[in-house]
1. Please determine whether any residue of the range 95-117 is touching a residue at least 24 places away in the same chain (Cβ under 8 Å), in contact with a helix residue (DSSP H, G or I) (Cβ under 9 Å, 6 or more places away or on another chain) and under 25 Å from residue 14 (Cα atoms).
2. State which residue pairs qualify: first residue loosely packed, with under 13 Cβ neighbours inside 10 Å and inside the range 17-31, second residue assigned to a helix (DSSP H, G or I) in any location, beta carbons under 7 Å apart, and separation of 6 or more residues or different chains.
3. Step by step: first the residues of the range 7-16, then only those that are more than 18 Å from residue 75 (Cα to Cα) and in contact (Cβ under 8 Å) with a residue 12 or more places away in the chain, then the one that is farthest from the chain's Cα centre (by Cα). Which residue is that?
4. Would you point out the residue of the range 43-71, among those that are closer than 13 Å to residue 19 by Cβ and free of Cβ contacts under 8 Å to residues at least 24 places away in the same chain, that is surrounded by the most Cβ atoms within 10 Å (Cβ to Cβ)?
5. Determine which single condition residue 129 fails, assuming it passes every other condition in (1) surrounded by fewer than 10 Cβ atoms within 10 Å (Cβ to Cβ); (2) not in a helix (DSSP H, G or I).
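Derivation of every value follows stated rules applied to the coordinates shown; laboratory data play no part. Only a predicted model underlies this, so the values are computations on that prediction, with no experimental measurement involved. All Cβ positions, glycine included, derive from the backbone under ideal geometry; neighbour counts span all protein chains shown.
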């Protein structure tokens, strides 16, 4: 797959950010989590991984999360809440772990969650994190 046009990447970033802000209804803690997560995705992601179809489906998913308080809204809310909690409390939990087994459990606890989100993305053709 060839590298996409830089303007297309900027438009995708702006459309995703706008859709996410509308999906969370501009709530204060969530808007910063969304901003940081989207920045990380676009900064660390390789341009060859850019897929316009997935981005269009994700924007449609976010529009549905905005319009209805149904499954899409709950998925979006839970993804943001989980990311907020992970970024805020993970280092504290690792520091307070007393045994090596506890540290390992805490450090690997997110693997199952990430795999579930990846399967959701694959089955629906989305690009959520």
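1. yes
2. Matching pairs, first to second residue: 29/84.
3. 8
4. This residue is 64.
5. (1)
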